[in-house]
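Only one structure is covered here, and it is reproduced in the block below.
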């Protein structure tokens, strides 16, 4: 390929069709492109990324493209052997100083970018070894402080629920679906599911007998059944009876009967927060998003039932991620220090 700024297009659809056994993996890249970093990134995309959750695939696509753009600007080549440890370290430095439009990325974001590239480099090196060795050997993640909890405290949750109850009465037009929105809010809080997991549920296949069934979680994990608390069930049943109807299909639907999209939920949660914040001073405004409700639920479970219980509810495969959900707030740390003095 010509020297310059290589551009890799990783489309969400119309990807290269691949059907190869592990012993045939080198055939993923044509002979004329066997030294092209872009071509190997494309092969990695097809084998390891394509077909996964849409939001995850989109994030990994950005991770790969960002690094290829960096290589094009600074190394001026697309040759795979020019990706060395020195290039990786320079990339980390760029991300940590000016990679975000002249500003540094957050360390947690950088580590997520690096996780994608590290997995990609390992995939390539196993099939077509890099001349100077794996470009991630000896390149560690950035060390970060414990993440600040994103959940709501009890007063904030009370204010959000109160606002939601009022909107159910104010939004009287059928197409506004206030019961659906309230049911989504309660289910996100009451089950700790990710928004993507909740919106993939169908009725009645995945909701019956007080449980959500056969939930496809992040990665390859599945949860056979998950209890739905009583208040969530009551609102769900009211939504199904008065707004949705009992025909089979997606559990949460638009007015036209299509599965509701995540951006519609994001918009509703922002509207709900704005309604709750309207009577509050600026320093008490609530930042509401779907993941904050998951954090709130898992932190509550960890405090009341223990971390093991919260981990089981979370649907995470490993233990390393559960700690970000159960970190105490700075206020809780201060109160504990006073109480234990």
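Coordinate-derived values only; no laboratory data. Everything numeric in this text was worked out from a predicted model, so none of it was measured. FYI the Cβ positions are ideal-geometry reconstructions off the backbone, even for glycines, and counts take in every protein chain you see.
Rounded to whole Å, give me the distance from the Cα center of the stretch 149-187 to that of the stretch 90-127. Spelled out, the Cα-based centre of one part sits 38 Å from the other.
Of 168, 232, the sequence from fewest to most neighbouring Cβ atoms within 10 angstrom is 168, 232.
As a proxy for reagent exposure, 311, 79 were ordered by neighbouring Cβ count within 10 angstrom, fewest first; the result is 79, 311.
When the alpha-carbon atoms of the stretch 89-151 are used, the pair Rg, Dmax equals 13.9, 47 angstrom. Label reach from residue 59 (point 7 Å along Cα→C-beta): in the stretch 171-193, amide nitrogens under 17 Å belong to 193. Measuring how big the stretch 154-327 is from its alpha-carbon positions, Rg and Dmax come out at 16.0, 45 Å. Sorted ascending by nearby beta carbons within 10 Å, beginning with the fewest, 171, 230, 60 become 230, 171, 60.
Projection of the Cα convex hull of the stretch 156-205, averaged over all directions and equal to a quarter of that hull's surface, yields 4.2 nm². In this label model, residue 270 and residue 173 are separated by 1.9 nm, measuring between points 7 Å along each Cα→Cβ vector. Simple spin-label estimate for residue 144 and residue 304 gives 2.9 nm between the two label positions (7 Å along the Cα-to-Cβ direction from each Cα). The slack in the chain from residue 261 to residue 218, taken as 0.36 nm per residue of separation less the alpha-carbon distance, amounts to 13.7 nm. Looking only at the stretch 238-266, which residues have a backbone nitrogen under 14 Å from a spot 7 Å from the Cα of residue 202 in the C-beta direction? Flagged as within label range: 247-252, 259. Label-to-label distance for residue 126 and residue 283 is 5.3 nm, based on points extended 7 Å past Cα in the beta-carbon direction.
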